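Structure incoming, see below.
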Amino acid sequence: MTSLEIVRIPALSDNYIWLVHDPVSTETMVVDPAEAEPVLTEAARRGWTISQIWNTHWHPDHTGGNAAIKAATSATISGPAAEAQKIPTLDVALVEGDEVRLGEHVARVIETPGHTAGHIVFHLPDDAVAFTGDTLFAMGCGRLFEGNAAQMFDNMAKLAALPDETIVYCAHEYTQANGRYALVAEPYNAAIVERMRHVDAARGNGEATVPTTIGEERATNPFMRASTPEQLAERRAVKDTFRG
């Protein structure tokens, strides 16, 4: 179990920003700040000083707060080398296998192109934590804006290979919509039916449904469970227009 304090900050319409604090080193970082104000407010409320920003990809709803947070805190911004030209605030360009640290906590970079050309995931193996941005969602995966289904299939295999107990911090509250499609994709999967009972109850009470775990996704995520790139492509195409 990680000693990191990880705080969920809702932003925009359905984004989650993750504020992460190491109580030993007293360092604090933020993952994918869609906007600055709620992050700076929450950090100040807790007496935390932000020293780093980790970006999973270049989209504005993940980098929109970079400049203002950097101006306010002088934070160092780390993100995908392949998208450096699209993240003008970037200080540290990362590729597969690189490491970033928060105190003594080490995150390894996993390249997961597909949603964007250079998307990365931050995996902290000793903490059993992964920040997956828009690659892996609860019962879903990101749309294939800049990549293809074969890439996303490889991404799902990489992430499925992580330990089941790995806690997955994704960047959006998409679980209910994803689950409705998952029920159609795998109508005989009892684990999806059971999970949706809890998801619907949580959303009915205005509660968040993430983080999730790799184990939960292996059991209920139709994209992680796709057996071939072609099946993933078919499921992604149907989900893109699904209105269940």
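Just give me the residues in region 73-93 being farther than 16 Å from Asp134 by Cβ and open to solvent by less than 10 Å² (accessible area, probe 1.4 Å), in sequence order. Explain how you work it out, then say what you get.
If we filter region 73-93 for residues that are farther than 16 Å from Asp134 by Cβ, which is where we start, we get 73-78, 81, 84-85, 88-93.
Result: Ala75, Ile77, Ser78.
Follow-up question, since we're still on this one. Do we have Asp98 as over 21 Å from Ala160 (Cα atoms) and either acidic (Asp, Glu) or touching a Phe, Trp or Tyr at 6+ places or on another chain (Cβ under 7 Å) (or both) here?
no
Still on this structure: Could you please let me know if Val238 is touching a Gly at 6+ places or on another chain (Cβ under 9 Å), in contact (Cβ under 8 Å) with a residue 40 or more places away in the chain, open to solvent by 30 Å² or more (accessible area, probe 1.4 Å) and not aromatic (Phe, Trp, Tyr)?
no
Each row is one residue, and each column tells you yes or no for (1) among the hydrophobic types (A, V, I, L, M, F, W, C); (2) over 14 Å from Ile214 (Cβ atoms); (3) without any contact (Cβ under 8 Å) to a residue 60 or more places away in the chain.
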{"site": "Leu144", "(1), (2), (3)": "yes, yes, no"}
{"site": "Gly147", "(1), (2), (3)": "no, yes, yes"}
{"site": "Ala150", "(1), (2), (3)": "yes, yes, no"}
{"site": "Asn155", "(1), (2), (3)": "no, no, yes"}
{"site": "Ala160", "(1), (2), (3)": "yes, no, no"}
{"site": "Ala182", "(1), (2), (3)": "yes, yes, yes"}
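Another question about this same structure. Residues Tyr169, Tyr181: which one is in contact with a strand residue (DSSP E or B) (Cβ under 6 Å, 6 or more places away or on another chain) and among the hydroxyl-bearing types (Ser, Thr, Tyr)?
Sole residue among the options that is in contact with a strand residue (DSSP E or B) (Cβ under 6 Å, 6 or more places away or on another chain) and among the hydroxyl-bearing types (Ser, Thr, Tyr): Tyr169.
Let me ask you something else. Among the residues of region 210-235, how many are open to solvent by 20 Å² or more (accessible area, probe 1.4 Å), within 19 Å of Tyr16 (Cα to Cα) and either in contact with an Asp or Glu (Cβ under 7 Å, 6 or more places away or on another chain) or not in a loop (DSSP other than H, G, I, E, B) (or both)?
1
Sticking with this one: If you scan region 1-29, which residues turn out to be among the β-branched types (Val, Ile, Thr) and within 16 Å of the chain's Cα centre (by Cα)?
If the condition is that a residue be among the β-branched types (Val, Ile, Thr) and within 16 Å of the chain's Cα centre (by Cα), then Ile6, Val7, Ile9, Ile17, Val20 are the ones that fit.
The values are calculated or read from the model by the stated rules, or taken from the named source; none is laboratory data. Note that the structure is predicted; figures quoted are calculated from it, not measured. Heads up, the Cβs are rebuilt from the backbone with ideal geometry, glycines too, and the neighbour counts pull from every protein chain shown. These accessible areas exclude ligands, DNA and RNA; they are computed on the full protein's heavy atoms, side chains included. Shrake-Rupley method; radii C 1.70, N 1.55, O 1.52, S 1.80 Å.
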